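Throughout, read-outs are computed from the coordinates displayed, never taken from laboratory work. No experiment lies behind these values; they were computed from the predicted model shown. Methodologically, a virtual Cβ is constructed for each residue, glycine included, from the backbone with ideal geometry; neighbour enumeration extends over all protein chains shown.
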Amino acid sequence: MIAITIAGILLALAIPSYTDFIHNERQITQANALVFALSYARSEAIKRDGTICVCPYNTASPPNTATCGTDWKLGWIVHIPDPTQNPINCTLPNTALTAPLPILQTGPPTTPGAANSPTTLTATLSSTAVTSIGFQGIGTALANNASITGGNNVQFKLCDVRGYSGSSAVYASARDVEVSANGRAQASTTAGQTLNGTALTCP
């Protein structure tokens with residue numbers, strides 16, 4: 001009986017740790033997938049000597065003719081923008097392309113959370129929401145179709161069920177991915193912190 005009681009206590013202690021481990025792995029995987037997509041878009045822009053864009057996936061559109069949405073947690077698309085737009089508009093894929101298709105890559109949606117506590121993925125530049133990232137032929141980045149200036153980075157913030165709240169609070173589980181003006185995408189190596197060590201808040 002004592003052995004069963006001890007086993008029950010150990011199991012009760014182990015389950016939260018295992019749950020945190022699963023959440024952490026998902027967060028890392030999703031952050032790495034985003035970094036890969038952004039880096040891929042930049043490399044394609046340099047290779048093609050033209051602008052390549054990344055934007056949130058519009059779930060209402062078919063995969064092969066995907067259009068841009070506004071919610072990054074639904075996934076993202078790497079695409080060739082419409083060349084008839086001057087200046088380039090990274091929210092408009094080149095739908096005239098059929099072979100190759102304008103969509104070069106799609107990213108997975110973030111892992112859904114519990115009811116009323118969804119996983120969120122947001123992008124901001126100096127507190128302004130970012131709904132598209134562009135990479136030019138020389139590798140530099142655009143945010144909302146404009147150059148990134150003032151030494152600022154676009155910040156992607158990934159929060160899961162452990163760090164979602166309607167109030168501003170510090171959450172050690174959040175993940176940070178940033179894009180600099182020169183186009184470099186990088187994830188913070190420390191959960192709950194930005195690249196420069198500032199504590200993250202969710203959502």
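Between S180 and N24, what FRET efficiency follows from the Cβ-Cβ distance if R0 is 22 Å, with the result rounded to 0.05? Computed FRET efficiency for S180 and N24: 0.30.
Determine the gain in length on full extension of the stretch T70-A129; use 0.36 nm per residue of separation and subtract their C-alpha separation, reporting nm with one decimal.
20.3 nm
Cβ crowding within 10 Å, taken as a proxy for footprinting-reagent exposure, orders E178, E44, E25 from fewest neighbours to most as E25, E44, E178.
Each label point was placed 7 Å from the Cα along the Cα-to-Cβ direction; for S43 and T84 their separation is 3.3 nm. With a Förster radius of 30 Å applied to the C-beta separation of T190 and A60, the computed FRET efficiency comes to 0.25. As a rough footprinting exposure proxy, the listed residues L38, L104, L195 were ranked by other beta carbons within 10 Å of their own, and the order from fewest upward is L195, L104, L38.
The ranking of C53, C159 from fewest to most other beta carbons within 10 Å of each one's beta carbon is C159, C53. For W76, the residues whose amide H sits under 5 Å from its own are Y57, G107, ignoring neighbours fewer than 5 places away on the same chain, with H placed 1.01 Å from N.
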